[in-house]
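Peer 1: Below are the structure tokens for one structure; questions will follow.
The values are calculated or read from the model by the stated rules, or taken from the named source; none is laboratory data. It should be emphasised that the depicted structure is a prediction, and the values quoted were computed from it without experimental measurement. Every residue, glycine as well, gets a Cβ built from its backbone with ideal geometry; the counts of neighbours run over all protein chains shown.
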Amino acid sequence: MLDRLSLGARRTLTAWGFLAVPLVFYVGIRFYPTADAFLMSLTDWSIVGERRFVGLANYRRLAADPVFWKVMGNTVQYLVVGVAVSLGLAFLVAYHLDRVRVGHALLRALYFVPHVTTAVAMGWVWRWLYQPVPVGVFNGLLVALGLPQQPFLRSTEQALYAVLAPAVWAGLGFQVVVFLAGLKAIPQEYYEAAAIDGAGGWRLLVEITLPLLRPTTVFLVVVSSIAYLRIFDYVYSMTSGQGGPLDATKPLVLKIYVTAFGHFQMGYAAAHTVVLFVILLVVSLVQLRVLQAR
Amino acid sequence: MTTAKRLATALGLTLAIAGTARAQTVEIEYWQYTFAQRVQAIDELIKRFEAATPGVKVKHTHVPYDDFRLKIAAAIPAGQGPDVVQLFYGWLQDYLKAKLLQPLPQELFEAAEIEREFFPLVKQMKVGGQYYGVPTAVRALALFWNRKLVREAGLDPAKPPQTLDELVEAAKKLTKRDAAGNLLQAGIALDMGLQDHHWLREVLIRQMGGQPYSADGRSVAYNGPAGVRAVTWYADLVSRHKVSEFGFLTDGITAFRSGKAGFMIDGSFRLAALDGQAGLEYGVGELPGHEGRRFNFASYWVNGITPKATGPKKEAAAKFLRFITTPAAMELWLEKVGELPARKAVAERDAIRTHPKYGPFIRGLAYSEATSFVNETAQRKLFMDMVDRIALKGQPVAESVAQAAAEEQKLLDAFFAK
């Protein structure tokens, strides 16, 4: 039967044959569960027993849940502070690392090491670093400098930043490597031409490096934003799974986890995931639009 | 008959016999969550049960804790999964609503017998006059102390504090700080996220003359002078007596295991882990009393029969359930898992009652209460936040207790409104 098909038709068939595998995979593993999560968010379901349709009740409950708003605020802080600080640092490191010739590969590897370490192990080590004197290293340094000790993870004001620090530190290696690749891709001729025209270091940076680095920056902003919006493992391991003290460090994803697998309120948890999905979608689209605009 | 023919006949006969034997075998499934010691204990019990009960095979499945409820919920309505299942006592209401359990057959599980032989907290498994589950083992709380540190402080490691006041005095002697006031060694390890919330809820509040909840479990009852006294006493350990700090060495159990805390309140399930801690020499005693009042908190996992078991399978399931709740099974469970026998007669045997480590828990069971949680995770979090508001935000105790009580009442109302 295949013989009767034209060459073009056979090619199409082969292409679809290969495409079918990932397609079936994505429909089964990604799209179906996503659609199911939307449906689940309209039900009351305790994992055991029937799903009871409740309409938009879960969303009304979300809007009136003070912890939800607290958690949204935290998530925005993780996102804004995390992306700004990590990309700023990463660019600074990459910009200067690009000029270093001696030990370049070693330095790059050293920056990358935290990125390949498991977040849970790192979270636990940082937990100990934040301990009061005599155990904690950070407080030890503060005391040595004659400064007062800080509560870090035991403070509702500092805990979020204390959790964010190892996440930024770990993400830095990846961002530096991507920035370095972006910097390398900028043709050297542009700099030479600009230098002949008398442009100095600052103008080279603003007029050439940053604009030509835009695709790299867009990629990193989107990828890091998604990562910080979904922050979970650092918070979980550094606060014994609580997101405390007093929900000060709890991100949206941890609230979803606790609601689903601690409280067994699957419908309510699904409503959170729908909100997270919409936020991720909007943030990604807006960033692509804004940063790619010429 | 040739040899070959004779052989063939013999072979045929053997196969036929094997075939009938297989047809008579009933296979049932047992499910629990994955936890090395529990898995080994059940494997051993299944081996003994199958040897004692020809014709019944038990298939043992264990599921990671996080997936346990989900898999059961998915399997049973589809006619699959376990015939006999383990569940936490606090899940009973949910499981009944979802029709995941059937009443235990009265021939093998007579209500009067259960009530006579098991510890009274098992009564929570009785709904509408019928029992839906029986436990193999129960857990209780006790006071743990580091014998070496107690000795160093000049106290007698064989004589633990008997009252809350004595505990505070002993903890003061065990607390070490450097010249700048930094905590080097805690008198008592505190952690609301571990067992302290049970201690506060079921023990301290009652000892201060209150009740955590109304008798029907539908109303919060600790929002009053007794609740305020209990929370004050607990918070004072840090703020007034300065015998500990919240978050010291990351969490309570780490502080105790690393030999940097004199006392700790924890459960019987901790014994195995502490025994494996090199260099830690510890003692166990009953929770300290107060003004002559002693209380304890107990919790347990039960075994129930699912609607999947019908006919011969139901009969086999009931026999198996009966077998894993016999005195012999309970002794094995105690030895392998470290959880306490649920039958009074077993627990109160002299060898166990006077055992230096099991004994204090067993004696505590006699005056223990099991909270009727509607959502343990959320209810624990309310207690953690209640103490954090006092410790971190300086909120007055009475105000923080009132806030926790109001929030918990909302939780109870939402549960019972369904």
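Peer 1: Looking only at segment B:52-70, how many residues end up being within 14 Å of chain A (Cβ to nearest Cβ) and touching a residue at least 12 places away in the same chain (Cβ under 8 Å)? Explain how you work it out, then say what you get.
Peer 2: Keep residues of segment B:52-70 that are within 14 Å of chain A (Cβ to nearest Cβ), which gives B:63-70.
Among the residues that remain, those that are also touching a residue at least 12 places away in the same chain (Cβ under 8 Å) are: B:63-65, B:68-69.
Residues meeting the conditions: 5.
Peer 1: Determine which single condition B:GLN277 fails, assuming it passes every other condition in (1) assigned to a helix (DSSP H, G or I); (2) more than 30 Å from B:PRO54 (Cα to Cα).
Peer 2: The single condition B:GLN277 does not satisfy is (1).
Peer 1: What residue, among those in segment B:331-353 that are outside any helix (DSSP H, G or I) and either farther than 21 Å from B:VAL39 by Cα or not acidic (Asp, Glu) (or both), is nearest to the chain's Cα centre (by Cα)?
Peer 2: As a first pass, look at segment B:331-353 and keep what is outside any helix (DSSP H, G or I): B:338-343, B:348-349.
Now drop any that are not either farther than 21 Å from B:VAL39 by Cα or not acidic (Asp, Glu) (or both), which leaves B:338, B:340-343, B:348-349.
On the way: B:GLY338: 11, B:LEU340: 9, B:PRO341: 11, B:ALA342: 11, B:ARG343: 15, B:GLU348: 18, B:ARG349: 21 Å.
Per the criteria, the residue is B:LEU340.
This table checks each residue for (1) at pLDDT below 95; (2) among the aliphatic types (A, V, I, L, M).
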{"position": "B:GLN185", "(1), (2)": "no, no"}
{"position": "B:ILE188", "(1), (2)": "no, yes"}
{"position": "B:ASP196", "(1), (2)": "no, no"}
{"position": "B:LEU200", "(1), (2)": "no, yes"}
{"position": "B:LEU204", "(1), (2)": "no, yes"}
{"position": "B:ARG218", "(1), (2)": "yes, no"}
{"position": "B:ALA226", "(1), (2)": "no, yes"}
{"position": "B:LEU237", "(1), (2)": "no, yes"}
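Peer 1: Which of the residues spanning segment B:253-274 are more than 16 Å from B:VAL243 (Cα to Cα) and not in a helix (DSSP H, G or I)?
Peer 2: Matches in segment B:253-274: B:SER258, B:ASP266, B:GLY267.
Peer 1: Would you please name the residue that is surrounded by the most Cβ atoms within 10 Å (Cβ to Cβ), looking only at residues in segment B:248-272 that are among the β-branched types (Val, Ile, Thr) and within 11 Å of chain A (Cβ to nearest Cβ)?
Peer 2: Going through segment B:248-272, the residues among the β-branched types (Val, Ile, Thr) turn out to be B:250, B:253-254, B:265.
Remaining after also requiring within 11 Å of chain A (Cβ to nearest Cβ): B:250, B:253-254.
Working: B:THR250: 19, B:ILE253: 21, B:THR254: 16.
Ranking the candidates gives B:ILE253 first.
Peer 1: Across segment B:180-208, what is the total count of residues that are within 11 Å of another protein chain (Cβ to nearest Cβ) and without any contact (Cβ under 8 Å) to a residue 60 or more places away in the chain?
Peer 2: 3
Peer 1: Still on this model: Does segment A:216-229 contain any residue that is touching a Pro at 6+ places or on another chain (Cβ under 9 Å), buried (at least 17 other Cβ atoms within 10 Å of the Cβ) and either under 28 Å from B:PHE246 (Cα atoms) or of a type outside the set (A, V, I, L, M) (or both)?
Peer 2: Step one: of segment A:216-229, the residues touching a Pro at 6+ places or on another chain (Cβ under 9 Å) are A:228-229.
Still in the running and buried (at least 17 other Cβ atoms within 10 Å of the Cβ): A:228-229.
Still in the running and either under 28 Å from B:PHE246 (Cα atoms) or of a type outside the set (A, V, I, L, M) (or both): A:228.
Yes - at least one qualifying residue is present in segment A:216-229.
Peer 1: Which one of these is under 20 Å from A:LEU288 (Cα atoms) and either surrounded by 15 or more Cβ atoms within 10 Å (Cβ to Cβ) or among the charged types (D, E, K, R) (or both): A:THR239, A:THR209, A:THR249, A:THR273? Walk me through how you get there before you give the answer.
Peer 2: Details: A:THR239 fails: under 20 Å from A:LEU288 (Cα atoms); A:THR249 fails: under 20 Å from A:LEU288 (Cα atoms); A:THR273 fails: under 20 Å from A:LEU288 (Cα atoms).
None of the other options fit; the residue is A:THR209.
Peer 1: Based on what the data block shows, is B:GLU408 surrounded by fewer than 17 Cβ atoms within 10 Å (Cβ to Cβ), at pLDDT 95 or above and more than 11 Å from every other protein chain (Cβ to nearest Cβ)? Spell out the reasoning first.
Peer 2: Values: surrounded by fewer than 17 Cβ atoms within 10 Å (Cβ to Cβ): no; at pLDDT 95 or above: yes; more than 11 Å from every other protein chain (Cβ to nearest Cβ): yes.
Here the answer is no, as B:GLU408 does not meet what is asked.
Peer 1: OK, next. Go through (1) without any contact (Cβ under 8 Å) to a residue 40 or more places away in the chain; (2) part of a helix (DSSP H, G or I) for A:ILE186 and report which single condition fails.
Peer 2: A:ILE186 satisfies every listed condition except (2).
Peer 1: Hey, B:GLY181 hits all of (1) buried (at least 22 other Cβ atoms within 10 Å of the Cβ); (2) assigned to a loop (DSSP other than H, G, I, E, B) but one; which does it fall short on?
Peer 2: It is condition (1) that B:GLY181 fails.
Peer 1: Does segment B:240-247 contain at least one residue that is free of Cβ contacts under 8 Å to residues at least 12 places away in the same chain, surrounded by 21 or more Cβ atoms within 10 Å (Cβ to Cβ) and within 14 Å of another protein chain (Cβ to nearest Cβ)?
Peer 2: yes
Peer 1: Right, here's the next one. Contact list please: Cβ distance under 8 Å, first residue in segment A:31-46 and touching a residue at least 60 places away in the same chain (Cβ under 8 Å), second residue among the β-branched types (Val, Ile, Thr) and surrounded by 12 or more Cβ atoms within 10 Å (Cβ to Cβ), pairs at least six apart or on different chains.
Peer 2: A:ALA37/A:THR273; A:ALA37/A:VAL274; A:PHE38/A:VAL274; A:SER41/A:THR273; A:SER41/A:VAL274; A:LEU42/A:VAL54; A:THR43/A:VAL54; A:ASP44/A:VAL54
Peer 1: Only one of A:LEU246, A:LEU285 is more than 22 Å from A:SER225 (Cβ to Cβ) and either free of Cβ contacts under 8 Å to residues at least 24 places away in the same chain or within 14 Å of chain B (Cβ to nearest Cβ) (or both). Can you tell me which?
Peer 2: Details: A:LEU285 fails: more than 22 Å from A:SER225 (Cβ to Cβ).
None of the other options fit; the residue is A:LEU246.
Peer 1: May I ask you to say which residue of A:LEU164, A:LEU110, A:LEU145, A:LEU106 is free of Cβ contacts under 8 Å to residues at least 24 places away in the same chain, under 30 Å from B:ALA391 (Cα atoms) and away from chain B (no Cβ under 14 Å)? Steps first, please.
Peer 2: Details: A:LEU164 fails: free of Cβ contacts under 8 Å to residues at least 24 places away in the same chain; A:LEU110 fails: under 30 Å from B:ALA391 (Cα atoms); A:LEU106 fails: under 30 Å from B:ALA391 (Cα atoms).
Sole residue among the options that is free of Cβ contacts under 8 Å to residues at least 24 places away in the same chain, under 30 Å from B:ALA391 (Cα atoms) and away from chain B (no Cβ under 14 Å): A:LEU145.
Peer 1: Failed condition for A:MET122, given (1) surrounded by fewer than 17 Cβ atoms within 10 Å (Cβ to Cβ); (2) of a type outside the set (Asp, Glu); (3) away from chain B (no Cβ under 12 Å); (4) under 23 Å from B:ASP251 (Cα atoms), with all others met?
Peer 2: The one condition A:MET122 does not meet is (1).
Peer 1: Hey, could you check segment B:111-145 for residues that are of a type outside the set (Gly, Ala, Ser) and without any contact (Cβ under 8 Å) to a residue 12 or more places away in the chain and say which is farthest from B:PHE320 (Cα to Cα)? Break it down into steps so the answer makes sense when it comes.
Peer 2: Filtering segment B:111-145 for residues of a type outside the set (Gly, Ala, Ser) gives B:113-127, B:130-132, B:134-136, B:138-139, B:141, B:143-145.
Filter once more, keeping what is without any contact (Cβ under 8 Å) to a residue 12 or more places away in the chain: B:113, B:115-116, B:120, B:123.
Values: B:GLU113: 18, B:GLU115: 20, B:ARG116: 21, B:PRO120: 23, B:LYS123: 21 Å.
Top of the filtered list is B:PRO120.
Quick grid of which residues meet (1) within 14 Å of chain A (Cβ to nearest Cβ); (2) part of a helix (DSSP H, G or I):
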| position | (1), (2) |
| --- | --- |
| B:LEU287 | no, no |
| B:ALA329 | no, yes |
| B:HIS355 | no, no |
| B:ILE362 | no, yes |
| B:PHE373 | yes, no |
| B:MET384 | yes, yes |
| B:ASP388 | yes, yes |
| B:LEU392 | yes, yes |
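Here's the yes/no breakdown for (1) away from chain B (no Cβ under 14 Å); (2) of a type in the set (D, E, K, R); (3) out of contact with any strand residue (DSSP E or B) (no Cβ under 6 Å at 6 or more places or on another chain):
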site: A:ILE196; (1), (2), (3): yes, no, yes
site: A:GLY200; (1), (2), (3): yes, no, yes
site: A:GLU207; (1), (2), (3): yes, yes, yes
site: A:PRO211; (1), (2), (3): yes, no, yes
site: A:VAL218; (1), (2), (3): yes, no, yes
site: A:TYR228; (1), (2), (3): yes, no, yes
site: A:PHE261; (1), (2), (3): no, no, yes
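Peer 1: Taking the residues in segment B:289-327 that are of a type in the set (S, T, N, Q) and outside any loop (DSSP other than H, G, I, E, B) as candidates, determine which candidate is surrounded by the fewest Cβ atoms within 10 Å (Cβ to Cβ).
Peer 2: Pass one, segment B:289-327, residues of a type in the set (S, T, N, Q): B:296, B:299, B:303, B:306, B:310, B:325-326.
Checking the rest, the ones that are also outside any loop (DSSP other than H, G, I, E, B) come to B:296, B:299, B:303.
Values: B:ASN296: 24, B:SER299: 22, B:ASN303: 24.
Among them, the one singled out is B:SER299.
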